[in-house]
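This report refers to the structure that appears directly beneath it.
Computed from the coordinates by the stated procedures, all read-outs in this text should not be read as laboratory data. Just so it is clear, the structure is predicted and the values come from calculations on it, not from any experiment. Methodologically, a virtual Cβ is constructed for each residue, glycine included, from the backbone with ideal geometry; neighbour enumeration extends over all protein chains shown.
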């Protein structure tokens, strides 16, 4: 997948007030991660595994953390985080999990998570922010600021952003027989940000978060379908 141009990255950096950070994936380390984290669900390819690897490597997870995998569907990554790092971990989803807190599962709207303010230290969205329909992306970032303790981190991987803003209401893929399939319950909607909408919807509603955006220069070496941007938001004091 071809990403936006260098000129786009420069303009993105101007919007953020700091350059987009160029980074690369250690392919040997990534191969080792795939031996550690096992996900037997259908359609878990290297592009999908990279999202979890970025959380694994960039969030600096440890035993003192409280972590939430946001809009996780039925993904087991939160359980891996709990078992591997020895921390408290939850997975959250609006459609796939029963409403309320049930052990490590939190069902309900990501903009109204029933946990105390400042009680969460790390959060991830793995290929999910783009499915937040209507104003739910705005509401989620306001909620994330409430939940995160000072210094807490929120990772969005990947961040779908480019030259043009667009939305679709029947997001999915077409199989070899020409039949279209939706991405799953709750994922029929998809949003692609441009710089103006990223500012108005995300940055302008994240006043207590500092954002750093990364570009994975060798994303295509992991999988040609990988989109190369991800974003890390840190809760300010």
Item to check | Per-residue Cβ neighbour rank within 10 angstrom, fewest leading, 49, 43, 123 | outcome: 43, 49, 123
Next on the checklist: What whole-number distance in Å separates the alpha-carbon centres of the range 73-130 and the range 26-54?
Outcome noted: 19 Å
Checklist entry - If you average over every viewing direction, what projected area does the convex hull of the Cα atoms of the chain give, in nm²? => result 12.6 nm²
Item to check | DSSP beta bridges in the range 6-235 [antiparallel fraction, %, rounded to 5] | outcome: 50 percent
Checklist entry - Is it possible to state the helix-based mean residue ellipticity at 222 nm for the chain, with each DSSP H run of 4+ residues giving -39500 (n - 2.57), the sum divided by total residues, to the nearest 500 deg cm²/dmol? What is it? => result -7500 deg cm²/dmol
Checklist entry - Among 131, 208, 84, which comes first, second and so on when ranked by fewest other beta-carbon atoms within 10 Å? => result 84, 208, 131
Checklist entry - Taking only C-alpha pairs under 8 Å that are 6+ residues apart, what is the relative contact order of the chain in percent? => result 22 percent
Checklist entry - How do 168, 216 rank when sorted from fewest to most other Cβ atoms within 10 Å of their own Cβ? => result 168, 216
